[in-house]
Amino acid sequence: MKADERNTDMQTSVRTLVEHSFALGPFRQLQTGRAALFTSRFGLVVLALGLATLLFPGAFAALNHNGPVTAGETGARQTNGIVIMVLGYFYFIAGRNNAEWFFAGSVLDRFAASLVAMLLVITGNAPLRQVAGQIAVDVLSAVYTYKLYKQDLADRQQDQK
């Protein structure tokens with residue numbers, strides 16, 4: 001195989017990987033419902049928050065009233081930002097690909113995360129002001145995703161009749 005052919009094959013492989021990863025081109029899911037649309041948009045918001053945490057780790061500490069970020073905490077907060085970005089990417093891709101199993105799992109995990117956060121508050125391991133926003137977003141988005149998913153299922157049953 002010549003160098004030009006290897007280069008072309010590699011470019012094609014990278015393009016296919018990017019198209020598949022972001023549900024573009026031939027990999028675009030054409031049938032998406034309300035829950036899929038909400039999940040993909042929620043994923044973009046989470047991805048943006050992760051990027052902001054990565055780039056500006058001190059800003060979110062100020063929002064939580066934690067005081068200034070020390071040099072040792074900056075790396076940990078930036079690592080959290082990367083993890084948040086990856087989660088946002090998964091939500092985005094699941095929504096774009098109408099991954100119904102992901103919708104059901106995300107509803108359950110958001111309620112579970114809220115319960116764990118409340119346990120941290122009850123046991124005194126986290127002040128309420130630090131986890132109140134997370135709890136509110138998780139519970140409200142889980143309820144809304146469940147509502148949209150139920151509507152999608154009802155529409156599908158109606159279409160089958």
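Could you point to the residue in Ala132, Tyr146, Gln158 farthest towards the positive end of the range 93-158's charge dipole, with +1 and -1 charges on the Cβ of Lys/Arg and Asp/Glu respectively?
Most positive-ward Cα: Ala132.
Does a label point 7 Å from the Cα of Leu115, set along Cα-to-beta-carbon, have any residues of the range 137-155 with amide nitrogen under 20 Å, and which are they?
Residues 137-147 fall inside that zone.
Could you state, as a whole-number percent, how many of the C-alpha pairs of the range 81-161 are farther apart than 22 Å?
The answer is 36 percent, as a whole percent.
Can you give the local net charge around Tyr144? Use residues other than it whose beta-carbon is closer than 14 angstrom to its beta-carbon, Lys and Arg +1, Asp and Glu -1.
For residues surrounding Tyr144, the net value is +3.
Roughly what % of Cα-Cα distances in the range 114-160 sit above 16 Å, to the whole percent?
52 percent
Taking the simple approach of a point 7 Å from Cα along Cα-to-Cβ for both Thr74 and Asp155, what is their distance in nm?
With each label placed 7 Å out from Cα toward Cβ, I get 4.7 nm.
Where a number appears in this text, it was derived from the coordinates with a stated rule and is not lab data. For clarity, every value in this text was computed on a predicted model and none was experimentally measured. Cβ sites come from the backbone with ideal geometry, for glycine too, and all protein chains shown count toward neighbours.
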